[in-house]
Amino acid sequence: MTPANNGAGTPEDDDPFGYLYADGQAAGATPPSSGGYGYPGPASGGAAQPGVPRTSYNHVRTVGDRTYGGARAQVPPQAQYQAPEALRAEGYAPQPPTTQNQPVPGNSGGRGRGSGGPNTKGLLIGAVAVVAAVVIGIGIALASGDDDPKDKPQAGNSGGNTAPQSPNPEPSKSEEKPPELPKTDATGPGLVLAGGAAAESTVPGAKSAGGSYVGGFNQVGASVTWTVDVTEAGAYRVYLRYGTPGEDATSTLSANGKANTSPLNMENFGDTPKGDWEKGWKTTWGQVNLNKGTNTIKISCEQGNQCNAALDQLWITGANG
């Protein structure tokens, strides 16, 4: 070994990929054909030469040289890297990567309305159909909810807590209308006039049928007796429509033969002018106790009464009017 000569075994001369570089190709490096690498020289054995790899590398193979039961992969001997700028200068325009949901420009075979996206129209129609079906189902359920036989009592079912109701239930007593109480004209049927009392019709303004009324009442013993029926015993009011010639009058009110202690007041209410019978029609009332069933009510002119009056109509109400 001489100065500046380190022999053939220096690492820089042991480059298995020398044929890939320009300096190696200038030195004559070629791809191996039988397992060797690097610069020219024997693949194995012989004397060491500059640029010849050691024989210990003979077991290494070039990329693509190993086969796995098939044809040998061929590697381009002069493959070199080229930058994107050089490729564009040569007229090559790389295409951007595409995905399954993104259409390639110019491809009209994509889904949707030419945009390559999902079929939104179909999805919208499907969603509307689902909502419509749900709404229809709810409407049917509400409409038929009252017809569920489980909610209705079944004939012969003794498991319920309510008794079957008749198709026409009887109204309760509180719903029944009270019977109308009697009302009559003073000269109507069912009344008995006595003691000089008689029907007259000379004074206008009477409300009895035909304008008649009971006159001749201005003498002791004159009376009108009325027979009535009531459904319940209790206190009642007896109303009397009467007329006076502009002066006060009184009479006696009796029920079932029992006279009231206070006279029936037939006052000249409103101060009708004295002697004016036509404008002297008034109304008064007195209270009596009646029995359930038939009762007799009597209005009479007794001693101590001032009976210059005419009697027109009679009616009964409850104790509170």
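Count of the range 201-218 residues, restricted to those that are free of Cβ contacts under 8 Å to residues at least 24 places away in the same chain and either touching a Pro at 6+ places or on another chain (Cβ under 8 Å) or open to solvent by less than 40 Å² (accessible area, probe 1.4 Å) (or both), is 2. Taken over the range 177-190, the criterion of being touching a residue at least 60 places away in the same chain (Cβ under 8 Å) and open to solvent by less than 40 Å² (accessible area, probe 1.4 Å) is satisfied by P182, T184, D185, A186.
Looking only at residues in the range 276-321 that are more than 60 Å from the chain's Cα centre (by Cα) and of a type in the set (S, T, Y), which one is surrounded by the most Cβ atoms within 10 Å (Cβ to Cβ)? Restricting to residues being more than 60 Å from the chain's Cα centre (by Cα) and of a type in the set (S, T, Y), the top hit is S300.
Scanning the range 258-290 for residues that are more than 15 Å from W226 (Cβ to Cβ) and in contact (Cβ under 8 Å) with a residue 60 or more places away in the chain yields W277, E278, K279, W281.
Scanning the range 219-232 for residues that are closer than 26 Å to E180 by Cα and either under 60 Å from the mean Cα position of the chain (by Cα) or surrounded by 15 or more Cβ atoms within 10 Å (Cβ to Cβ) (or both) yields a total of 9. Residue pairs whose Cβ atoms lie under 6 Å apart, separated by 6 or more positions or on different chains, with the first residue in the range 219-233 and farther than 16 Å from S254 by Cβ and the second polar (S, T, N, Q) and open to solvent by 80 Å² or more (accessible area, probe 1.4 Å), are D229/T294; A233/N291. When G246 is tested against the conditions (1) touching a strand residue (DSSP E or B) at 6+ places or on another chain (Cβ under 6 Å); (2) open to solvent by less than 30 Å² (accessible area, probe 1.4 Å), the lone failure is (1). If you check A235, A255, which single one turns out to be surrounded by fewer than 13 Cβ atoms within 10 Å (Cβ to Cβ) and over 14 Å from C307 (Cα atoms)? Unique residue meeting the criteria: A235.
Find the strands (runs of 3 or more DSSP E) located wholly in the range 179-282 whose residues include 3 or more that are among the polar types (S, T, N, Q), and list them. Steps first, answer last, please.
Numbers: elements: 183-185, 191-194, 198-200, 213-215, 223-230, 234-243, 249-255, 264-266.
The strands (runs of 3 or more DSSP E) meeting that bar are 223-230, 249-255.
Output the residues belonging to the range 258-306 that are of a type in the set (G, A, S) and over 21 Å from L193 (Cα atoms). Hits for the range 258-306 are S262, G270, G275, G280, G293.
The values are calculated or read from the model by the stated rules, or taken from the named source; none is laboratory data. This is a predicted model, so every value here is computed, not measured. Because the Cβ atoms are built from the backbone with ideal geometry, glycine has one as well, and the counts that use them run over all protein chains shown. Quick note on the areas: whole protein, heavy atoms, side chains included, nothing else; ligands and nucleic acids left out. Shrake-Rupley method; radii C 1.70, N 1.55, O 1.52, S 1.80 Å.
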